[in-house]
Amino acid sequence: MREKRGLLIVIEGIDGSGKTTQARFLARKLKKLGLSVITLREPTRSRWGRKIRAMARSKISLDPQEELELFLRDREDNVKRHILPALNQKKIVILDRYYFSTMAYQGARGIDPLYIRKINEAFAPKPDAVFILHLSASEGLSRISHRRKKDILFEQERYLEKVAEIFQSLKGRNFYHLDATQSKPQIGELIFNRVIALLKKKKLLS
Ligand code: TYD
């Protein structure tokens, strides 16, 4: 079935690293080339994702394992309902966060990142490229508006430092580590060029 697939691209990084902007940039540029693109984000906007956000806003704090389970349910749903069908239709799927966020964030809460990776890879397709935008925890926090800071529970500086460290440690053939302090267009160019090269290699673009 592999040859039927489209392309799965993941953009990761701590909050404030600019990944959402880059995911949008990339989608826009690829669409301009006439390619069929879908952008998805995790946590999603559906049932489990809404639950995750509601929990983050409430005063109830989940233990790491419970938190992990919620993200896994949300992802299972996303994989089944959106990611796999789009890939089977040869679409380019751009994901704003995926299981590398789980490795980093729930890893930073004490769960072994390699275990997190293993349970995700049992059901979630492996991406063709993972772009990780690196930024220090303090810079990430300073880029987030006061309102969002209150909204997102998972972000204290010490915790985010651990998250950033795990993102730094991720290695593999399809990983591209980028310095998020570069300008947005510069980062956009780097990502775009790499994706174009991949599309050509996979014969999804001539
Ligand atoms: P975020 O991308 O900031 O979504 P939004 O902008 O819609 O709030 O993600 C929300 C938080 O969820 C973020 O702090 C990272 C965290 N997160 C995890 O802890 N584990 C995961 O597996 C994912 C996907 C996100």
What the Cα atoms of the stretch 7-201 span along the principal axes, largest first and in whole Å, is 47, 35, 30
So, over other residues within a Cβ distance under 13 Å of Pro64, counting Lys, Arg +1 and Asp, Glu -1, the net charge is -3
Taking only the alpha-carbon positions of the stretch 1-118 as identical scatterers, the Debye log10 I(q)/I(0) at q = 0.13, 0.14, 0.15 Å⁻¹ comes out as -0.55, -0.64, -0.73
Out of Ala54, Ala137, Ala108, a Gaussian network model of the chain with alpha-carbon springs under 10 Å gives the largest mean-square fluctuation to Ala54
In terms of the charge dipole of the stretch 1-128, which places +1 on Lys and Arg and -1 on Asp and Glu at the beta carbon, the residue among Leu35, Leu114, Gly6 farthest towards the positive end is Leu35
Given unit charges at Cβ for Lys, Arg (+) and Asp, Glu (-), the dipole magnitude of the stretch 7-201 about its Cα centre in debye, nearest 20, is 960
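Find the accessible area per residue for the chain; the probe is 1.4 Å, ligands and nucleic acids are left out, and the unit is Å².
Dividing the accessible area of the chain by its residue count gives 53 Å².
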Over the chain, the sum of -39500 (n - 2.57) across DSSP H runs of at least four, divided by residue number and rounded to 500 deg cm²/dmol, gives at 222 nm -15000 deg cm²/dmol
Straight-line reach check, Lys59, cutoff 13 Å on alpha carbons, 8 or more apart in-chain or any other chain, hits among aspartates and glutamates -> Asp151
In whole percent, the fraction of accessible protein surface over the stretch 75-116 that belongs to carbon or sulfur atoms, probe radius 1.4 Å, stands at 51
Per the charge dipole of the stretch 7-201 (beta-carbon charges, Lys/Arg positive, Asp/Glu negative, Cα centre), the residue among Ser61, Gln89, Leu141 reaching farthest to the positive end is Gln89
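The values are calculated or read from the model by the stated rules, or taken from the named source; none is laboratory data. Remember, it's a predicted structure, so these values are computed and weren't measured experimentally. All Cβ positions, glycine included, derive from the backbone under ideal geometry; neighbour counts span all protein chains shown. Heads up: the accessible areas ignore ligands, DNA and RNA and are worked out on the full protein's heavy atoms, side chains in. Shrake-Rupley method; radii C 1.70, N 1.55, O 1.52, S 1.80 Å.
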